[in-house]
1. Run the accessible area of the stretch 14-67 with a 1.4 Å probe and give the carbon-and-sulfur part as a rounded percent.
2. With the crude spin-label approximation of a point 7 Å out along Cα→Cβ, what separation in nm comes out for Asn277 versus Asp290?
3. Please turn the phi angles of the stretch 134-140 into ³J(HN,Hα) values with the Karplus equation 6.51 cos²θ - 1.76 cosθ + 1.60 (θ = phi - 60°), one per residue in order, whole Hz, x for glycine and proline.
4. Just the number please: accessible area per residue for the stretch 157-207, 1.4 Å probe, all protein chains included, in Å².
5. For the stretch 213-221, what does the Karplus curve 6.51 cos²θ - 1.76 cosθ + 1.60, with θ = phi - 60°, yield as ³J(HN,Hα) per residue in whole Hz, taken in order and with x for Gly and Pro?
6. Mind checking the full-extension length gain between Lys55 and Ser16? Use 0.36 nm per residue of separation minus the Cα-Cα distance, one decimal, nm.
7. Label points 7 Å out from Cα along the Cβ direction at Gln23 and Phe382: separation in nm?
8. How many angstrom lie between the C-alpha centres of the stretch 252-271 and the stretch 1-62?
Amino acid sequence: MIDYKIYYAVNELPGSWDELSSQDIFLKTSFLRGLEDAIPNNITPFYLGVFKAEKLVGIAIIQRVEMYLDDVFRRTSRNTFKQFAKRLISKIVKGNALVVGNLMHTGQHGLFYIQDEISQDNYLNTIARALKDLSEQIKNKYNKKVRIIAYKDYFEDDSIHNSSAFFKAQNLYKAKVQPNMIFSISDAWKTPQDYISAFNKKYRNRYKTARKKSNILECRELALGFLEENSKSVFELYEAVSDNARVNSFKLPENHFLSLKQSLQDDFKVFGFFLNNQLVGFYSLILNNDTLETYFLGYNKAFQHQMYLNMLFNMASFGIQNGFKTIVYARTAMEIKSSIGAKPHTMHIYLKHTNNFIANTVLKCIVKYMNPIQKWEERHPFKN
């Protein structure tokens, strides 16, 4: 007998949750607790436990996302056609969505099940039952209809694609999204200098130029005490970058970085750039077993050229020095990330609109508008 239970807070989760063999920190209560205490105000988390004869055999993270025009399209435009397009899209996607996964981070961080205990199809069908249950709860409690169901983000070789019959039965279509930029650390790189030495002449010179530009800045790790006293300054730097995004479906609250540091402790790192002892930029990292996950960053735009490329180099150096195998650089600024050695890995999502009159072809066009596949030139920085 396969059954499920929906939990509405981390402190409700059973002790067996963290005992599952998943090594993904984004599924652990330490991360979930920090996120829950500092989640965007338009996102509500739910936690799904899948049981077989009262034994926890699977878990899933589900997020209710309330999407409105000002949340999705951060920057305004005076272009009449663009304004019309945004209003039209807003009418279609406006309202509630249920996302299986973590909307705030690139990658599949929402699903885990014990393959010896439950088949993938049974597991996914149980999630579908829970999504229907949640949709009814949201309708009854808030008088809001869930308009969009989405499962995110899956690499091309993810086993979830083997359940195409499930997605077809649920009327969910598969959409290609921006690739995830992933940096593989060579076993030959014992130090950051080994990594730099592997560059060809052009990119070695580029590295030297980037480092010279940052000579006026000091980079150091931000301790918990600093974040407690300077959350507002950190948030304002994040906001300066976030508000410049073409499309964004959420905004982090001011206490987000502090909350994650309090909960994850040494598994969450924040590094700041200082000019004359004043914070002008920062980047953050999540230590996910042998994978280093780059997280949100922010900077004073006046120093963007001195900081951004150096942040990428610093992340690579940290990964090498601390024995990580891969670094997840996510899906923005792909060309510059490829210039430091990251490679694109194609990702897909599954989604549908719950209004049968809105065809998936229409939704597909909206996905392309909100998440266009950008043309960019991949760089090859290493010697042949």
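The values are calculated or read from the model by the stated rules, or taken from the named source; none is laboratory data. Please read these numbers as outputs of a predicted model, since none were measured by experiment. Reconstructed Cβ throughout: ideal geometry from the backbone, glycine too, with neighbour counts over all protein chains shown. Surface accessibility is based on the protein's heavy atoms, side chains included, excluding ligands, DNA and RNA. Shrake-Rupley method; radii C 1.70, N 1.55, O 1.52, S 1.80 Å.
1. Roughly 47 percent, rounded to a whole number.
2. In this crude label model, Asn277 to Asp290 measures out at 4.4 nm.
3. Using θ = phi - 60°, the values come out as 5, 4, 5, 4, 5, 5, 6 Hz.
4. Numbers: 2770 Å² over 51 residues.
The answer is 54 Å² per residue.
5. Per residue, the Karplus-derived 3J(HN,Hα) values read 5, 9, 4, 7, 10, 10, 10, 8, 6 Hz.
6. Values: separation 39, 0.36 × 39 = 14.04 nm, distance 0.87 nm.
This chain segment gains 13.2 nm when fully extended.
7. 2.1 nm
8. That distance is 20 Å.
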